[in-house]
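Worksheet: one structure, shown below.
The values are calculated or read from the model by the stated rules, or taken from the named source; none is laboratory data. Only a predicted model underlies this, so the values are computations on that prediction, with no experimental measurement involved. As a convention, Cβ positions derive from the backbone with ideal geometry for all residues, glycine included, and neighbour counts pool all protein chains shown. Just so you know, the surface numbers come from the protein's heavy atoms only, side chains and all, with ligands and any DNA or RNA stripped out. Shrake-Rupley method; radii C 1.70, N 1.55, O 1.52, S 1.80 Å.
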Amino acid sequence: MLAFRQVHLDFHTSGLIPGIGEKFDKKQFQDALKAGHVNSITVFSKCHHGWSYHPTKVNEMHPHLKFDLLQAQLDACKEIGVRAPVYISAGLDEKEAVRHPEWLFRRADESLSWAADFTGEPYFHVLCFNTGYMDLLEKQIEEVMQKYDPCGIFLDIVSIQPCYCASCRNEILKRGKDPRNIDAAMEQAELVYKRYAQRVEKTIRAYSKTCTIFHNGGHIPKGRRDIAQNDTHLELESLPTGGWGYNHFPLSASYVMQLNKEYLGMTGKFHSTWGEFGGFKHPNALRYETALSIAYGAKCSIGDQLHPSGEMNEDTYRLIGAAYSEVEKKEPWCEDAYNIADVGVLSEEAVHTKIANRDTIYNGDIGANKILMEGKYLYRFLDLQSDFTPYKVIILPDTVRLDKKTAKRLADYVSKGGKILTSGQSALASDSDTFCLDVGAAYRGPAKTCPDYVIADKEVGIGETAHVMYTQGFDIKRLKGKCPLYRQPSYFNRDTYSFCSHRHTPNNPDARLEEAAVFTKNTAYISWNIFSDYGKTGSLHHKKIVMYALDRLLGADKTIRVSLPDKAVVTLTEQKKRKRYIVHELFAHTTNRGTLSGNAQEFKNIEVIEDIVPLYNITTEVRLPHRIKNVMLEPQHTALPFEYSKDNLTFIVPEIDCHQMIVLEY
């Protein structure tokens, strides 16, 4: 099993810096880990600069390192029972990038990646695995396995991206295809990654059958289970202050929790992101981020960067200890815990994109994730291989057109009592503009004005005035069911020669209202890209409309209802062997404070947590298949009074200070 309390100890160190590791002290290193309550730490064999931190026959040791730092760290960890996977920079090796231009990854315009050239931005350059570099990397991995017998190998900066170096271009040409064709380039990228992963696996398994392997690309692509199969476990890199934000991890975790692999959430101790020396989060931020990980079924990892001197920063490990001391107490209720979900979201990313990274934006996914979190629904994101049957409602957000196979699976799901919420052009056939699921409507095409406006029945709860819908709407003809939403057009579309005011044209109250939604017993269709609208603009009426539709479909079958504010999080897990459920309730106040700068990360907000505002007397109602015998606050070991009304269990959580687990024993 993965350890719950991990540190990812970066050590990317320039060859120009002297005195590497001179202040490393075994006891000081161990004391820092103890202060941080750390039980696993990833230590470096080779960094992005290309240097090894141990004697080597196949690479070069850092020119200012005089001893085997890796072995010293491994020995120190073993002595106190701390796991120590070994890090190898795979995609970056700056010393070799300078020496071997023929090994460089190239874009279609011949520019490089990450830094575009060698005369501008001071940054690293990605190498291609389809060159002689792969032979060198394989030898480096083999040397680590031979000399150190590590418990795990972490390979960094690896993903499937089209490369246009001479080696890749020539291989495409040999297959009789054109490198300028993106499909041919992507086919090549897939082949290169597959060969890379196979060679790594073969090399490692020649020495160990139990060594863990993880290939890090900064994002777990939804829908690419074949990529995930190369990993023994998954590490979800998601530094909220580093450009990922606090919504990224729940979106990623709610997908990978179905893949039958252990996974962890990787945040950082930094105020901003990787490579920041002397930057520190508030302890409350790490308390919340690690609690969020365990609430979503993950283990925890916190990123740090070791100073070139080799001395551990004691303030950093006191900071980490503030979070991990709490995680340590909570572990018994998190081991082998399975997250429960009422709602499945068929991910836009999984349907549309074979290759995604953390900057891949699907606003329908983002909006659905935010609405479900803020609305306190239990949910997962799905791909086309997912089993739909466990979910009470399946959401198809905005752009999920369906092939015949998926349409049949969803129709079978509905015929057996499942329910579907769809919007925009979702549920249209992949090859025609007709609905391939019975949503009670016929599709007629894009609405004439955009933005336009929604007017809702009173029961929807947004008032009876016109509310703006920024994203494209679609005209429909209702064939059956009920219509609670109506479209009101604007006077005209905004144009150079026809515009009104600062932003967009107002609604035309004299225009005829058009039916814009259809609700049947088992389906709800909303004829706007409403999830994308919420993902981009976050207007309250978008969320209320979706929640109205979801609550109507779920009815009394919604598993949990809580009186938490919108920024709070609730999840529910089950430990079947221990016959108990665990409700996780979390809350922290986030604020934007500054922006990231440098290395193509300008204009991304730094979202921070400083204050934890306690919440009091939170009413929680759950509907479960088992009769609950005891309700306990953990790890406080405090019993809570509870009552049943028919099949619904109700209790009041007296206080939430960042995170509270409520254990329901059956």
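With a cut-off of 13 Å between beta carbons, the residues surrounding residue 379 carry a summed charge of +2, where Lys and Arg count +1 and Asp and Glu -1.
Potential lengthening of the chain between residue 60 and residue 521 amounts to 159.2 nm, from the contour at 0.36 nm per residue minus the alpha-carbon distance.
Going by alpha carbons, how many degrees (0 to 90, nearest 10) lie between the helix axis of 314-330 and the longest principal axis of the chain? Its long axis makes an angle of about 50 degrees. When the C-alpha to C-alpha distance is required to be over 29 Å, the pairs from 521/577; 477/544; 66/281; 354/408; 222/576 that qualify are 521/577; 66/281. Working note: Karplus 6.51/-1.76/1.60 with θ = phi - 60° gives the stretch 525-541 the couplings 10, 10, 8, 10, 7, 6, 5, 5, 4, 6, x, 8, 10, x, 5, 4, 5 Hz, where Gly and Pro are set to x.
Rg and Dmax of the stretch 297-442, based on Cα coordinates, read 20.8, 68 Å. Backbone geometry of the stretch 512-519 corresponds, through the Karplus equation with coefficients 6.51, -1.76 and 1.60 at θ = phi - 60°, to 3J(HN,Hα) couplings of 5, 6, 10, 4, 10, 7, 9, 10 Hz, x marking Gly and Pro.
For the stretch 419-478, the alpha-carbon coordinates run over 37, 28, 16 Å along the three principal axes, in decreasing order. Taking the Cβ of residue 261 as the centre, find all other residues whose Cβ is under 14 Å away and add up their charges (Lys, Arg: +1; Asp, Glu: -1). Neighbourhood net charge equals -2. Here, the stretch 322-364 is characterised by an Rg to Rh ratio of 1.20, where Rg is the alpha-carbon radius of gyration and Rh the Kirkwood radius. In the chain, helical runs assigned H by DSSP with n ≥ 4 each contribute -39500 (n - 2.57); averaged across all residues and rounded to the nearest 500, the mean residue ellipticity at 222 nm is -8000 deg cm²/dmol. In the stretch 39-147, taking the dipole from charged Cβ atoms about the Cα centre, the farthest positive-side position among 120, 80, 55 is held by 80. Taking amide H positions as modeled 1.01 Å from N, with prolines and chain starts lacking one, the residues under 5 Å from residue 452 and 5 or more places away or on another chain are 469.
For residue 658, the residues 5 or more places off, or on other chains, whose built amide H falls under 5 Å of its own are 587, 615. Across the alpha-carbon atoms of the stretch 179-337, the computed radius of gyration and Dmax are 17.9, 56 angstrom. What is the diffusion coefficient of the stretch 540-666 in µm²/s, taking the Kirkwood radius over Cα pairs and the Stokes-Einstein relation at 37 °C with a viscosity of 0.692 mPa s? Reported coefficient: 195 µm²/s. Radius of gyration (Cα atoms) of the stretch 1-67, expressed as a multiple of 2.2 N^0.38 Å: 1.25. Computed from Cα atoms alone, the Kirkwood hydrodynamic radius reported for the stretch 1-129 is 16.2 Å. Among beta bridges from DSSP that stay inside the stretch 75-233, the antiparallel ones total about 30%. Rolling a 1.4 Å probe over the heavy atoms of the protein chains gives the chain an accessible area of 41 Å² per residue. Ligands, DNA and RNA excluded, the heavy atoms of residue 438 present near 100 Å² of accessible surface to a 1.4 Å solvent probe.
Amide H contacts under 5 Å for residue 61: 52, 56, restricted to partners 5 or more places along the chain or on a different chain, H placed in the peptide plane at 1.01 Å from N.
Note that the stretch 37-95 carries a Kirkwood radius of 12.1 Å, evaluated over its alpha carbons pair by pair. Beta bridges from DSSP with both residues in the chain: antiparallel share about 60 percent, rounded to the nearest 5.
If both residues of a DSSP beta bridge must be in the stretch 1-119, then about 20% of such bridges are antiparallel.
Overall, the chain carries a charge dipole of about 1920 debye about its Cα centre when +1 sits on the Cβ of Lys and Arg and -1 on the Cβ of Asp and Glu, all other atoms neutral.
When a 1.4 Å probe is rolled over the protein heavy atoms, the share of accessible surface on the stretch 85-178 that falls to carbon and sulfur comes to 51 percent. The base-10 log of I(q)/I(0) for the chain, evaluated at q = 0.05, 0.06, 0.09, 0.12 Å⁻¹, reads -0.26, -0.37, -0.84, -1.35 [Debye formula, identical scatterers on Cα atoms, solvent excluded].
Structural descriptor for the stretch 515-569: relative contact order 24 percent, calculated from alpha carbon pairs under 8 angstrom and at least 6 residues apart. Legend: Rg and Dmax of the stretch 267-342, from Cα coordinates, 14.0, 51 Å. For the stretch 214-227, putting each phi into the Karplus relation 6.51 cos²θ - 1.76 cosθ + 1.60 with θ = phi - 60° gives couplings of 9, 9, 9, x, x, 6, 9, x, 6, x, 10, 5, 5, 5 Hz, in residue order, rounded to whole numbers and with x for Gly and Pro.
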